[in-house]
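Report on the following structure.
The values are calculated or read from the model by the stated rules, or taken from the named source; none is laboratory data. Nothing here was measured: the structure is a model prediction, and the numbers come from that model. Virtual Cβ from ideal backbone geometry, glycine too; neighbours counted across all protein chains shown.
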Amino acid sequence: MKGFVSNRLHPLANLILLLVLMLAAFFVAGFFISVLGNVFFGVGLQEIGNVTQNPTQHPQGWALSMLSQGVLLFVGFAGAALGLASLTGYRWTNYFAPRGSVPFLWLLMAALLIVVSLPFMSSLIAWNANVHLPNSLHGIEVWAREYEDRAQALTKALTNFNSPLRFWVGVLVIAVVPAISEELVFRGVVQRNLVQGFKSRHVGVWVAAFIFSAIHLQFFGFVPRFVLGLILGYLYEWSGNILVPMAAHFTQNFTQLLLLYWQQGQWVGPELDPDANEAMPWPWVLASVLVTAGLLYWLHEHLTAQPDPTQLRTLGSKGVTVPTPEAAPTAAARTLGRDGVDVGRYRE
């Protein structure tokens, strides 16, 4: 499939194109939000900002805020990522899942990895929440904490699940949509091009994880989200299929929402409070570290053991094996060759 833009663009040019597409997609999303807000909630364009910033002060505040967040994230992120793939002439499946389909077991194991890592992540959350900047940067620390406190207050308003319907709407907007949209952007496009640009898997994964964490603008939650970004990045790099990090990302968000919903219904104790900044008991943390490491090793061994489609061989005219020209690009081979196919290898 031929695109409107060359598929041989430099990785930096691809990232710039992604930013342009995201900006355009945000304008489109804003238009949809204003129309839907007026049709379903009777809220005009000029009022939407005030309603979504103070959802508890308006009768339709919660519903309109969830609608705005879902549409903005899905259209602005997923729309831009899918648009870039189409503009450069790729099928979506080839661009975001270059190794093709994966066993369902891998998705389950990726989800299990996130669940067993929760105690370990709680220790990182506790440490990062109590970080203090040097005295010379005290003003920045105060500003950052005030900003995050305001964001946390808004999050609590949106995650006030006083009915099952609210909970499932929350799952759709806060778990499903981010898992799809953010993975398409940060792993499917950003990480892909960073790996190409740096010609190193590890550098690409680490820089993409840094950007993923930084863009959430939570200094006192930067480290745990950075570690999550690393896990998601390596899951994608090993598997070559965007569904694997999507499954893990969804599990991370869904587990947090489920624990919060259970706690609001007083079905679990405060020790499982997802909003707490306290680490779980150290035996849990130690067990979590060991099991998480074991699962990462299992996933690495099984995901990277999948046959590389670009290395498939067929008999040529002289009776020797030659590469199959139609072979699909892989997560481990994404640089463009002279024939316009992904053939290059990366340094470890």
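Within the set Ala144, Ala153, Ala179, the sole residue that is closer than 30 Å to Ala63 by Cβ and at pLDDT below 95 turns out to be Ala153. Evaluated against (1) hydroxyl-bearing (Ser, Thr, Tyr); (2) surrounded by 16 or more Cβ atoms within 10 Å (Cβ to Cβ); (3) within 30 Å of Thr292 (Cβ to Cβ), Ser101 falls short on exactly one condition, (2).
You will find that of Val173, Val203, the residue that is out of contact with any Pro (no Cβ under 8 Å at 6 or more places or on another chain), among the aliphatic types (A, V, I, L, M) and in contact (Cβ under 8 Å) with a residue 12 or more places away in the chain is Val173 and no other.
Yes/no matrix, rows are residues, columns are (1) outside the structural domain of Leu158 (by TED's automatic domain parsing); (2) surrounded by 14 or more Cβ atoms within 10 Å (Cβ to Cβ); (3) assigned to a helix (DSSP H, G or I):
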residue: Leu9; (1), (2), (3): yes, yes, no
residue: Leu12; (1), (2), (3): yes, no, yes
residue: Phe32; (1), (2), (3): yes, yes, yes
residue: Val43; (1), (2), (3): yes, yes, no
residue: Glu47; (1), (2), (3): yes, yes, yes
residue: Ala63; (1), (2), (3): yes, yes, yes
residue: Met66; (1), (2), (3): yes, yes, yes
residue: Gln69; (1), (2), (3): yes, yes, yes
residue: Leu84; (1), (2), (3): yes, yes, yes
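Test Leu243 against the criterion of being of a type outside the set (Phe, Trp, Tyr) and in contact with an Asp or Glu (Cβ under 8 Å, 6 or more places away or on another chain), and give yes or no. So Leu243 fails the test.
None of Ala153, Ala144, Ala214, Ala209 is in contact with a Leu (Cβ under 8 Å, 6 or more places away or on another chain) and of a type in the set (A, V, I, L, M) except Ala209. Among the criteria (1) exposed (fewer than 13 other Cβ atoms within 10 Å of the Cβ); (2) free of Cβ contacts under 8 Å to residues at least 40 places away in the same chain, the one Phe4 does not fulfil is (2).
Quick one: would you say Pro98 is part of a loop (DSSP other than H, G, I, E, B) and either at pLDDT 95 or above or out of contact with any Asp or Glu (no Cβ under 8 Å at 6 or more places or on another chain) (or both)? Considered against the rule, which asks whether it is part of a loop (DSSP other than H, G, I, E, B) and either at pLDDT 95 or above or out of contact with any Asp or Glu (no Cβ under 8 Å at 6 or more places or on another chain) (or both), Pro98 comes out as no.
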